[in-house]
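The structure appears right after this line, and notes come after that.
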Amino acid sequence: MTAHALSPEAESAPHAHPLTLFGFDALVAGAARPRPGAAIFHDAHEDLVDDLAYADLYSRVAASVAQLRECGLSRGDRVILCAPPGAQGFVLLTAALAEGLEPVLAPLPLPLSRAAIARATKSMSVTALFAPAQFGGLDFEPALLDLAAQTPSVRLIGTLGGALDGGVDFSGPALSARQGPRLRISDEWAVDAIPRIGALGPSGEISYATQGALIGAAIDLVRMTRMSRETPILSLCAPSSLAALVGGPLAALIGGAPLHSLAPFSAARFIGALDRLGAVRLVAPAAVLSDLARAGLLTNGALVGVVAIGDVVAAIPEAACPVMSLREEAGAVVLSPVSHAGSPIGARVAAE
């Protein structure tokens with residue numbers, strides 16, 4: 001099944017799911033109304049634990065919107081978002097879209113990805129960079145300052161964690177501190193025009209999708225995997241690509257299942273999370289499928305199912321739990337079951 005970047009005409013077609021007609025901000029607000037106190041995000045990053053209920057998520061998005069306005073960003077400004085694992089990248093993405101900004105998702109500015117981020121930053125005349133200053137024991141401050149210095153259009157660096165001289169703090173604790181009492185749940189900070197989302201590929205190309213197309217892909221993922229609120233999602237992927245965005249936060253919001261993020265990864269922390277949570281749905285890079293199979297985790301009942309982000313090449317055992325491949329292909333998000341031979345199977349159906 002393929003979720004294409006839809007035109008406004010296609011998204012308004014009679015057969016489109018009603019949720020695909022709205023943006024992420026409306027999805028967050030709508031999910032918070034019936035279950036404001038229910039858990040939706042749980043981040044365990046080293047010594048930092050961040051728990052968000054639906055109403056907390058809404059309030060944090062609203063606080064991000066207010067801070068973006070204070071920073072002087074205007075509708076149509078282009079921004080790069082190097083999203084770390086966890087909720088905060090999705091929070092800022094939703095706020096940026098609600099403000100009418102044009103965000104492009106990118107990986108963390110590690111040495112292998114820094115050149116592609118620099119090219120995109122220059123070619124797009126980016127106004128703002130958002131990334132953690134420090135994360136997982138790594139210091140990204142020099143890389144962020146260097147990227148900003150190379151691009152005259154950049155006038156803001158927003159940090160999603162850690163300290164950066166001259167940066168604006170968009171971390172979860174900072175936004176929680178400023179939001180005060182929970183805001184009334186409404187859509188008053190949404191915009192009429194619904195911007196698209198870009199994602200930077202490994203070769204420096206940028207793929208674009210509408211919010212409706214990605215929500216539609218998440219709806220199909222929830223339906224095909226029979227996701228339920230009772231089974232938590234454990235993600236090893238940052239929401240820094242269209243596929244990981246669909247498989248993680250969007251699927252959690254659509255399916256009503258709490259999303260647990262584990263980073264940085266270690267085998268001990270992973271096994272500890274499985275022991276603590278019980279059976280989970282795992283969102284993980286496709287490259288780790290063979291490791292999961294060797295460890296017996298695909299067949300011992302620890303995993304209810306796996307959403308593999310990227311191209312699947314590894315064979316999986318006959319008795320394995322259901323494995324879905326979620327990848328980006330020719331400007332689309334493609335979802336398909338994986339055979340025991342390790343290849344995607346099933347028909348490709350256009351989401352529009």
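No lab work stands behind these numbers, since they all come straight from the coordinates. The structure presented is a predicted model; accordingly, all values stated were derived computationally and were not measured. Positions of Cβ are backbone-derived with ideal geometry, glycine not excepted, and every protein chain shown enters the neighbour counts.
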(message) At a 10 Å Cβ-Cβ cut-off, how would you order SER203, SER176, fewest neighbours first?
(response) SER203, SER176
(message) Between LEU21 and MET224, what's the calculated FRET efficiency when r is the beta-carbon distance and R0 is 22 Å? Round to 0.05.
(response) 0.55
(request) Among THR159, ALA53, THR94, pick out the residue whose Cα is farthest towards the positive end of the charge dipole of the chain, where Lys and Arg carry +1 and Asp and Glu carry -1 on C-beta, about the Cα centre. (result) ALA53
(request) Could you list CYS321, CYS71 in order of exposure, starting from the residue whose Cβ has the fewest other Cβ atoms within 10 Å? (result) CYS71, CYS321
(request) May I ask for the angle, rounded to the nearest 10°, between helix 54-70 and the longest principal axis of the chain, with both axes built from Cα atoms and the value confined to 0 to 90°? (result) 30
(request) Determine ³J(HN,Hα), in whole Hz, for all residues of the stretch 80-96 in sequence, where each value follows from phi through the Karplus function 6.51 cos²θ - 1.76 cosθ + 1.60 and θ = phi - 60°; x replaces Gly and Pro. (result) 9, 10, 8, 7, x, x, x, 6, 5, x, 5, 4, 5, 4, 4, 5, 4
(request) May I ask you to derive the relative contact order of the stretch 209-337, considering only C-alpha pairs under 8 Å and at least 6 residues apart, and to give it as an integer percent? (result) 23
(message) Let me check I have the definition right: for the stretch 27-81, take the eigenvalues of the Cα gyration tensor, multiply each by 5, take square roots. What are those semi-axes in whole Å, largest first?
(response) 24, 17, 9
(message) Per residue, how big is the convex hull of the chain when only Cα atoms are used? Give it in Å³.
(response) 129
(request) Name the residue farthest towards the positive end of the dipole of the stretch 209-337 from the options ALA287, GLY310, ALA273, assuming +1 on Cβ of Lys and Arg, -1 on Cβ of Asp and Glu, about the Cα centre. (result) ALA273
(request) Give, rounded to the nearest 20 debye, the magnitude of the charge dipole that the chain has about its Cα centre when Lys and Arg contribute +1 at Cβ and Asp and Glu contribute -1 at Cβ. (result) 340
(message) So if I place +1 on the C-beta of Lys and Arg and -1 on the C-beta of Asp and Glu, and nothing else carries charge, what would the dipole magnitude of the stretch 209-337 be about its Cα centre? I want it in debye, nearest 20.
(response) 280
(request) Taking all pairs of distinct Cα atoms, average 1/r, flip it, and tell me the Kirkwood hydrodynamic radius of the stretch 109-164 in Å to one decimal place. (result) 11.2
(message) Run the numbers for ARG119 and ASP51: contour at 0.36 nm per residue of separation, minus the present Cα-Cα distance, in nm.
(response) 20.9 nm
(message) Can you list residues from other chains, or at least 5 along the same chain, whose modelled amide H is less than 5 Å from the amide H of HIS45?
(response) ASP50
(request) Counting helices only, and only those DSSP H runs with n ≥ 4, report the 222 nm mean residue ellipticity of the chain as the sum of -39,500 (n - 2.57) divided by its residues, in deg cm²/dmol to the nearest 500. (result) -9500 deg cm²/dmol
(message) With the cut-off at 1.5 for a/c, could you classify the stretch 209-337 from its C-alpha gyration tensor as rounded, prolate or oblate?
(response) prolate
(message) For a quick check: sort ASP311, ASP25 by the number of other beta carbons within 10 angstrom, fewest at the front.
(response) ASP311, ASP25
(message) What distance in nm separates the two pseudo spin-label positions at SER153 and ARG276, each 7 Å out from Cα along the beta-carbon direction?
(response) 4.2
(message) On a full-extension model of 0.36 nm per residue, what is the gain between ARG35 and ARG75, subtracting their alpha-carbon distance, rounded to one decimal in nm?
(response) 11.3 nm
(message) Quick one: 3J(HN,Hα) in Hz for the stretch 113-124, Karplus 6.51/-1.76/1.60 with θ = phi - 60°, rounded, Gly and Pro as x.
(response) 9, 5, 5, 5, 5, 4, 5, 5, 4, 6, 5, 8
(message) Please list, ordered by chain and number, the residues whose modelled amide H lies under 5 Å from the amide H of ALA53; skip anything fewer than 5 residues away on the same chain.
(response) ILE40
(request) Describe numerically, in nm with one decimal, the distance between label points set 7 Å from Cα along Cα→Cβ at ASP165 and at LEU110. (result) 2.8
(request) Compute the normalised compactness of the stretch 54-193: alpha-carbon radius of gyration over 2.2 N^0.38 Å, N being the residue count. (result) 1.00
(message) At 0.36 nm per residue, and after removing the present C-alpha to C-alpha distance, how many nm does the segment from LEU138 to ALA287 gain when stretched out fully?
(response) 51.4 nm
(request) Would you kindly calculate the translational diffusion coefficient of the stretch 62-122, applying Stokes-Einstein with the Kirkwood radius from alpha carbon pairs, for 37 °C and a viscosity of 0.692 mPa s, and quote it in µm² s⁻¹ without decimals? (result) 269
(request) For the stretch 135-289, just say rounded, prolate or oblate: build the C-alpha gyration tensor, square-root its eigenvalues into a ≥ b ≥ c, call rounded for a/c under 1.5, and beyond that prolate if a/b exceeds b/c, oblate if not. (result) rounded
(request) Compute the relative contact order of the chain as a whole-number percentage, counting only Cα pairs closer than 8 Å that sit 6 or more residues apart in sequence. (result) 20
